[in-house]
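Here, each number is a calculation from the coordinates, and none is a lab measurement. Because the structure is predicted, anything quoted here is derived from the model rather than measured. In this analysis, Cβ positions are derived from the backbone assuming ideal geometry, glycine residues included, and neighbour counts consider all displayed protein chains.
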Amino acid sequence: MRIMRNRFRVSIGECVELSTLFPQIALKPTYIASDKGISSLEGRNLKRGYIQVYTGPGKGKTTAALGLALRAVGRGLRVCIIQFMKCNKRAGEVQAAGLLAPRLSIYPMGPRGLIQGKPRPIDYEMARSALDFSRNVIKEKAHDVVILDEVNMAVHFGLITVEDLLALMEDRPKSVELVLTGRDAHPKIIEKADLVTEMLAVKEYYDKGVKARKGIEE
């Protein structure tokens, strides 16, 4: 399939920070939706979905999940990616989602800034909102593949509980493929998953001072 640039209009919203001073403000995640180029594909529902976990200290967990998403879209499946603890509207995967909508949608649902030491109230609030949103997406069964990016780290930092994530896994419709990424996956999550891949840092150029590059790491 040939994709022409001028046939797509990408609309990327701003990431939203919830203010603890204004709890009544509803979370509005970034949503990518525009083109009609992929919509002609017939929807194909999975007869049986499984739970995959990509964890470990090495690079490539999110990248592996994005590769799965690309393959699924190519086969006519609908994919939803919900990113915990991330808010980068310029990330390559966010830009690419605009070209693959409506088959692929992505929601960066983290606050601005990294966790330095103790998590901030906004970190807890947005992680819980992302979890609630994830439950709704899975329950609606409008997507064949749901990827919860960095959800393992959200559990590791205590932003959400392992019990909440286990409950989400248990309530998942059997036709939905669920992918959980992030290092330090909880042993109970690993036990419940159907497939677990551990990325090992055998050799990394980060150790030589190489910073994240556009199009490769972000």
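For the reader, a short list of remarks on this structure follows.
- Gyration tensor over alpha-carbon atoms, the range 93-174, equivalent ellipsoid semi-axes in Å: 23, 18, 9
- Here the convex hull built on the C-alpha positions of the range 42-202 has a volume of 111 cubic angstrom per residue.
- Cross-link pairs beyond the 27 Å C-alpha cut-off, checked among 86/188; 118/174; 188/208; 118/192; 139/188; 139/214: 118/174; 188/208; 118/192; 139/214
- Projected-area mean, the range 160-201, by convex hull of Cα positions, square nanometres: 3.3 nm²
- Pairwise alpha-carbon distances in the range 137-218 exceed 19 Å for 49% of all pairs.
- Length gained on full extension, residue 202 to residue 163, computed as 0.36 nm times the residue gap minus the Cα-Cα distance: 10.8 nm.
- Spin-label model distance (nm) - residue 174 vs residue 139, 7 Å beyond Cα toward Cβ: 2.1 nm
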